[in-house]
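Enquirer: After the structure tokens below, expect a handful of questions from me.
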Amino acid sequence: MPEPTYRPLTGADRDELARFLGEHRWPFHVRERVGPAEAAEMVAAWDLDGGDSRAWWLELNGQVVGLLRVEDLDTWGDPSWDLRIAEGHRGAGIGTAAVRWLAGEVFGGWPGVGRIEAQTRRDNLAMRAVLRRCGYVKEAHYRRAWPDQHGAVHDGIGYALLRQDWERGTTTPVDWNGD
Ligand SMILES: CC(C)(COP(=O)(O)OP(=O)(O)OC[C@H]1O[C@@H](n2cnc3c(N)ncnc32)[C@H](O)[C@@H]1OP(=O)(O)O)[C@@H](O)C(=O)NCCC(=O)NCCS
């Protein structure tokens, strides 16, 4: 399985970031195609100089093959992330490696974080396979909550990884019948 390296993004990466977002198709994001104006707008809104979010380029042999961004690291809510592997590099194990790596980074660096959340579209089977493989448990099913650029509305699925499961290698099920 390929093990990417992780290079932190800084404010100096904004142009490269806008290029990366515009260069690939993102079929399971709200915007499948990101035009230059939209990319610039998205990138301007990202805090790339610390704060309570972090972002990394994923690189293989010096080539950028993906982007990983986590936010809400210090706020009251739980951190959540977005992962985008470049077209041509999907399905090769990079996503799995990155999701595993992120758990170590977040739980290791932020002792107050007890859980990491992730949301994806119901039909994003690759993302869901990665989440399950990395110990995330489905906690929510949002019916007709995820619009796409073509006018359709999809279900969304909410997952989380608990620190205790990550530390012990366990899987705590959701108590669906709990009061
Ligand atoms: C989703 C994504 C992050 C996953 O990363 P990846 O590097 O492609 O994932 P991996 O190669 O580690 O694993 C994907 C797994 O899903 C499986 N998979 C892929 N497409 C599938 C499909 N249509 N049906 C079922 N399983 C599928 C693969 O077979 C693989 O499992 P395996 O290793 O057991 O064969 C990546 O494909 C991506 O960036 N997609 C576009 C952006 C995106 O959707 N991001 C997520 C936003 S929430």
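Every number in this text was worked out from the coordinates using simple rules, so none of it is lab data. Note that the coordinates shown come from a computational prediction; the quantities given were computed from them, not determined experimentally. Please note: Cβ atoms are built from the backbone with ideal geometry, for glycine as well, and neighbour counts cover all protein chains shown.
Enquirer: Any idea which of (1) surrounded by 18 or more Cβ atoms within 10 Å (Cβ to Cβ); (2) of a type outside the set (Lys, Arg); (3) within 17 Å of residue 17 (Cα to Cα) is the one residue 63 doesn't satisfy?
Expert: (1)
Enquirer: Kindly provide the set of residues from region 8-54 that are loosely packed, with under 13 Cβ neighbours inside 10 Å, away from the ligand (no atom under 16 Å from the Cβ) and in a helix (DSSP H, G or I), ordered by number.
Expert: 11, 12, 15, 36, 37, 41, 44, 45
Enquirer: For region 39-88, enumerate the residues that are within 13 Å of residue 106 (Cβ to Cβ) and of a type in the set (Ser, Thr, Tyr).
Expert: Hits for region 39-88 are 53, 80.
Enquirer: Related question: Kindly provide the set of residues from region 122-148 that are within 19 Å of residue 27 (Cα to Cα) and either among the aliphatic types (A, V, I, L, M) or loosely packed, with under 13 Cβ neighbours inside 10 Å (or both), ordered by number. Full working, then the answer.
Expert: As a first pass, look at region 122-148 and keep what is within 19 Å of residue 27 (Cα to Cα): 122-131, 142-148.
125, 126, 127, 129, 130, 131, 143, 144, 145, 147 - these are the residues of region 122-148 that are within 19 Å of residue 27 (Cα to Cα) and either among the aliphatic types (A, V, I, L, M) or loosely packed, with under 13 Cβ neighbours inside 10 Å (or both).
Enquirer: Between 130, 99, which is in contact with a Cys (Cβ under 6 Å, 6 or more places away or on another chain) and within 16 Å of the ligand (Cβ to nearest atom)? Give the derivation first.
Expert: Numbers: 130 fails: in contact with a Cys (Cβ under 6 Å, 6 or more places away or on another chain).
Going through 130, 99 in turn, just one is in contact with a Cys (Cβ under 6 Å, 6 or more places away or on another chain) and within 16 Å of the ligand (Cβ to nearest atom): 99.
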